[in-house]
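Chemist: Okay, handing you the structure first.
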Amino acid sequence: MSDESQAVAAEVSVPPLTRPQLAEARRMRAVELFEQQRTSSEVARMLGMHPESVRRWRRQWEQGGAPALRRRPATGRPPKLDDAQVEVVRSALQQGSQAHGFEADLWTLERVGVVVERVTGVHLARASVWRLLTGRLGWSLQRPRRQAVERDESEIARWVAQEWPRIKRGR
């Protein structure tokens, strides 16, 4: 590999595979091994899987070929917000809660729900707001530090430097 191609390869950022993608890759590797006439126990040992899982994969492969072991789209109710709406919500939330008329710059599930309804017209339950924040937006719970509003850092530093040594000496 030339220096230039190494530099290009170093710049390319490949995101890590998700768990479903890794599982599918493992099943596709099993298909390759099935086609090489390997036994289920050999395949299980080579892939580090339980033999019963590999036997189930083999049955599915024999009935439907490799496509039978591919990932299928999730079933169930589609999300209330499409990807474009989620991005609108993301940009609205990044403005901060005060930009939306709330007194403190602090997001709660109720406040996020209000903003979601304002910008998209879609009402979400608290649990759905939580899934939106953590699952689709990748946000996590952050708790504000409890600290007195009246706290004066310079006065604290002066007290630690002057008063505390005097008290410690016993004068």
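No value in this document is a laboratory result; all are computed from the given coordinates. Not measured: the values here are computed from a predicted model. Heads up, the Cβs are rebuilt from the backbone with ideal geometry, glycines too, and the neighbour counts pull from every protein chain shown.
Chemist: Between M49 and K80, what's the calculated FRET efficiency when r is the beta-carbon distance and R0 is 41 Å? Round to 0.05.
Modeler: So, using R0 = 41 Å, E works out to roughly 0.65.
Chemist: List, in order, the whole-Hz ³J(HN,Hα) value for each residue of segment 103-109 obtained from phi through the Karplus relation with A = 6.51, B = -1.76, C = 1.60 and θ = phi - 60°; use x for Gly and Pro.
Modeler: Computed from phi, the couplings for segment 103-109 are 5, 9, 7, 9, 8, 10, 4 Hz.
Chemist: Hey, another quick one. Work out the length of the dipole vector of the chain about its Cα centre, built from +1 on the beta-carbon of each Lys and Arg and -1 on the beta-carbon of each Asp and Glu, and round it to the nearest 20 debye.
Modeler: So the dipole magnitude of the chain works out to roughly 1000 debye.
Chemist: Are there any GluC sites (Glu not before Pro) in segment 74-166 that are in a DSSP loop and have at most 15 other Cβ atoms within 10 Å? List them by number.
Modeler: In loop regions of segment 74-166 (DSSP not H, G, I, E or B), the sparsely surrounded GluC sites (Glu not before Pro) are E103, E150.
Chemist: Follow-up. Any idea which of S41, G64, V31 is furthest toward the positive side of the dipole for the chain, if Lys and Arg beta-carbons carry +1 and Asp and Glu beta-carbons -1?
Modeler: S41
Chemist: Once both axes come from the Cα atoms, what is the angle between helix 19-35 and the longest principal axis of the chain, in degrees from 0 to 90, rounded to 10?
Modeler: 20
Chemist: Here is a further query. With the contact rule set at Cα under 8 Å and sequence spacing of 6 or more, what percent relative contact order holds for the chain?
Modeler: On the way: 84 pairs, mean separation 19.8, N = 171.
Computed value for the chain: 12 percent relative contact order.
Chemist: Continuing with this model, one more query. Quick check on the chain: helices-only [θ] at 222 nm, where DSSP H runs of length 4 and up contribute -39,500 (n - 2.57) each and the sum goes over total residues. Nearest 500, please. Spell out each step's value before the answer.
Modeler: Working: 9 runs with 90 residues, N = 171.
Value at 222 nm, helices only: -15500 deg cm²/dmol.
Chemist: Given S154, A125, L109, which one lies farthest toward the positive end of the charge dipole of segment 82-157, if we put +1 on the Cβ of every Lys and Arg and -1 on the Cβ of every Asp and Glu?
Modeler: A125
Chemist: Could I ask something else about it? Identify the trypsin sites (Lys or Arg not before Pro) of segment 135-169 meeting these criteria: DSSP loop state and at most 11 other C-beta atoms within 10 Å of the C-beta.
Modeler: Here the trypsin sites (Lys or Arg not before Pro) that fit, given the DSSP loop and packing criteria, are R145, R146, R151.
Chemist: For helix 51-64, report the angle its Cα long axis makes with the longest principal axis of the Cα atoms of the chain; keep it between 0 and 90° and round to the nearest 10°.
Modeler: So the inclination is approximately 60 degrees.
Chemist: Please give the residues of segment 49-72, grouped as numeric ranges, whose backbone N is less than 18 Å from a label point set 7 Å along the Cα-to-Cβ vector of R26.
Modeler: 49-61, 68-72
Chemist: Could you give the nm distance between label points at V122 and I167, where each point is 7 Å from its Cα heading toward the beta carbon?
Modeler: About 5.5 nm, to one decimal.
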